[in-house]
Structures are given as C-alpha cells and as structure tokens.
Amino acid sequence: MAQVTALEWRPQTFDDLVGQDVVSQTLKNAIKSNRLHHAYLFAGLRGSGKTSSARIFAKALNCEKGPTETPCGECSSCTEIRDGNSMDVVEIDAASNNSVDNIRELRELVRYNSSRDRYKIYIIDEVHMLSTSAFNALLKTLEEPPPHVLFIMATTELHKIPATILSRTQQFEFRQIPLYKIEERLKMIAEAQNLEIEDEGVSLIAQAAGGSMRDALSIFDQIVAASSEKISGLDVKSILGVVEDTNLIDLLGGLNSGSAERIFSRINELVHYGHDLKQVYDTFTGFIRDSVVMKSVTDPADLVVRTYGHGREHLSLLEELGISDLVRILDVLVSHEPVFRQASEPRYAFELVFLKLLEMKKLIPLEELLGNLRDLTALQGDEKKN
C-alpha cells in the first residue's frame, strides 16, 4: 500500500521544514554552540511542523556523526527515530497518557541512562492535555532533569499550559505557514509524482489548508485519489465544494441593493446544490475582509487571502460600497460567528445574519443624523433672526 503523502514527505532535516525558518535557525545555532536547554516547548497551529521538528532535533543530537545541524539520516539512531522505534527517543501522547500515574512512571524512567545514544529525549505531544496533578508531578523533573535527559513538548493550545511549566522551558512559536510556501511544496511534490495540476488547483488546496502543511497534503491526497493524472482547478473546486465567486458577489450585491428576494434565492440555490453553509459563511467572511483590503490599500495583491474571478463585476460593486459599509458587514459576520456555529439549523442562522444586515442598511448613519441636526439648528436660528 502506498504511503500517504504527509508521511512520505515528512521533513527529515531542518532545511526541509517549510515556513519555520526562525525556529530551524535557532535550534541549529543551539546545537552548533552547544547551548542546549533541558526543556523545550513547541507551540503553534496543527500541521505546522512541531512534532517533525522535535524528531529532527532528536536526530541532530543523537546522530552518530553529531551532535550536528544536519543529521545523516542513515545511522541506526537516525533511522530508528525516523521510524519511531528508538529506545532513547520516547514519544508520548499526552491525550491518552494524561494522568498523574503516567507522569510518575515517567519520573522513574528518566533516572536511567540512555541505552545507546547521547541523550534520552522525551517528546510529549499535545502536552496541554495533561491533568493539573500531572503537570504538578512533572514540575520538579522538568526543572532539574538528569544531564542526559531532554524534554520536548508540543501543543496547539499554549494558553492551557500552566505558567509554572512555561517558566521552565524554552518556547518556540510555530507560525501559520504562508500560502505561497504551501503552494511551492505542493508543486514540488506533484512534479516528483509526475502529476499535472493547474496553478488554480494548487492555490485552492493551499487556501483550504488554513496554513497547515499536513492538512494541505491530506487534501492533496484526496484530490489525487479522486482525479486523473491531470488535475484542473475545476476538479479541485468540485471535490472541495468551493463556493463560486459568483455566489459571493451576488450575496454582496443583494445586501447593497437591499434585496431580500435576491439573497433568499441565492441561499436556496446554495442549499439545493449541497453546499455546507458553514463553509459558505467562512468564505463570505473572508470575501468581505478581502474587499475591505481592496478598498483600503493601493496594492492589495499580497494582502488578500485569495484572488477572485469576475474581477470587473467585483470592482464595480465595490465602487458602490463605502469602506464603512464593508466594515459594518464584516463586524456583523464576525460577531455572529459563534451563534452561527451553535445553531441547530445553519440555514436559519445564515438567513438571520443577512436579514440583520439588510435591516441595518435601512438605518441612517449617525454622522448623517448629526449633520441633519446641525442644519435644523442653523435653520431655526435663521428663522429667529428674521
């Protein structure tokens, strides 16, 4: 059975990591200067390279030719860490080993020397899942571990880590991977696999991944499995259920014209063709955000989340709308997002948000009211003089 792309193309050296140059360089410098800390905390979005970095760091420290910034990937230590069966690099899933008893067992194990390698390294994934008592049990060991032991912890929810743990670790922030970096990686993989995929399709996959390389590769596998060796942008749109730009423009046009009929018709069409309204809501929110950017800056090319088709129609519509109108729409969409997520019937919540936006359009802006009041006051003053 063919290996999934995310595993086959998992980074094996610091140079392979995508979009985490600062983290890679810092860890390489620490190895080069022999200024190692006993505990590291990698925090960031899922699929941003935290666990891969931990494994690469472990290989760099325990490689037979190391410690080295570039592990060979061929020695026993490197291959065992890569395959996840090293005796001296232990990976622990805190989601399923989160009790105080699990940590007490870990505290006993760290007393023993490594079986072969320089360091005994414990990689604790999803460390925020540990219970409060488990964190407390880990404190002393984390503060003063034996000289041959290193801890590398990874989390997607940094705010859940106790301050007592944070103060005992070196923290590294793994940032959301830029779209163009994900696109470059996908194109390289597609070329290596002799797959032909249109640039539009690559961009759509990268956008759907939300900054996660693992998600991008999982989506890529899904697209490849459902397509031929030549993948078009239309194939990707169909498989991912991408909301067409015409739908977004028509919804915004309905708000601009105050047409409830136009909006209800478009929503009904989206439901009829099986679109996930929660995905439509997210896409439309991003569309309005990008529209604000396009109205606010001279060169929005590098600032918009995505590019939109029917550009002339979109720009023509934006000329009729002010920035204040778009900001008002964006504010309502963002503030009502939690309510929309919790709704048992997404369609009703979706329609409610748009009805509120239509009603708000009927309201007279405060600036206009104040202007009218000033004019009325001035008129009354003139009448008294006369």
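Values in this text are rule-based calculations from the coordinates and carry no lab data. Everything quoted here is computed from the prediction, not taken from an experiment. Glycine also receives a Cβ, built like all others from the backbone with ideal geometry; neighbour counts cover every protein chain displayed.
Simple spin-label estimate for S259 and L36 gives 6.8 nm between the two label positions (7 Å along the Cα-to-Cβ direction from each Cα). Here's the list of aspartates and glutamates a cross-link from K356 could span, going by alpha-carbon distance under 15 Å and ignoring same-chain residues fewer than 8 apart: E261, D325, D331, E337. Simple spin-label model, 7 Å along Cα-to-Cβ: K237 to E108 in nm? Spacing of the two 7 Å Cα→Cβ label points: 6.1 nm. For K50, the aspartates and glutamates whose Cα falls under 15 Å of its own Cα, not counting residues fewer than eight places away in the same chain, are D15, D16, D21, E91, D93, D125, E126, E157, E173, D215. Using a Förster distance of 22 Å, how high is the FRET efficiency between V297 and S335, based on the Cβ-Cβ distance and rounded to 0.05? Computed FRET efficiency for V297 and S335 comes out at 0.35. Annotation: Cα Rg of the range 123-199 relative to the compact-globule expectation 2.2 N^0.38 Å equals 1.65. Fully extending the segment from E191 to S99, taken as 0.36 nm per residue of separation minus the present Cα-Cα distance, adds 28.5 nm.
Taking 30 Å as the limit for the C-alpha separation, the pairs K28/K160; K140/K160; K120/K160; K28/K181; K59/K237; K140/K181 exceed it in the case of K59/K237; K140/K181. Taking a Cβ cut-off of under 11 Å around G253, the surrounding Lys, Arg, Asp and Glu residues balance to a net charge of -1, with basic ones at +1 and acidic ones at -1. Under a 5 Å amide H cut-off, with hydrogens placed 1.01 Å from N, V149 pairs with K120 among residues at least 5 apart or on other chains. Placing unit charges on each Cβ (+1 for Lys and Arg, -1 for Asp and Glu) gives the chain a dipole about its Cα centre, and among L36, Q193, A216 the Cα reaching farthest toward its positive end belongs to L36.
Listed values for the range 202-211 are Karplus-derived 3J(HN,Hα) couplings in whole Hz (6.51 cos²θ - 1.76 cosθ + 1.60, θ = phi - 60°), namely 4, 5, 5, 5, 4, 5, 5, 6, x, x, and x replaces Gly and Pro. Distance between the modelled labels on L352 and S133, one decimal in nanometres: 4.2 nm (7 Å Cα→Cβ projection). Peptide packing: for 329-336, 17-24, the average count of neighbouring Cβ atoms within 10 Å per residue gives the ranking 17-24, 329-336, highest mean first.
Run the numbers for V22 and E8: contour at 0.36 nm per residue of separation, minus the present Cα-Cα distance, in nm.
Details: separation 14, 0.36 × 14 = 5.04 nm, distance 2.43 nm.
Once the chain is fully extended between V22 and E8, it gains 2.6 nm.
Using just its DSSP H runs of length 4 or more, each adding -39500 (n - 2.57), the chain gives a mean residue ellipticity at 222 nm of -17500 deg cm²/dmol after division by all residues.
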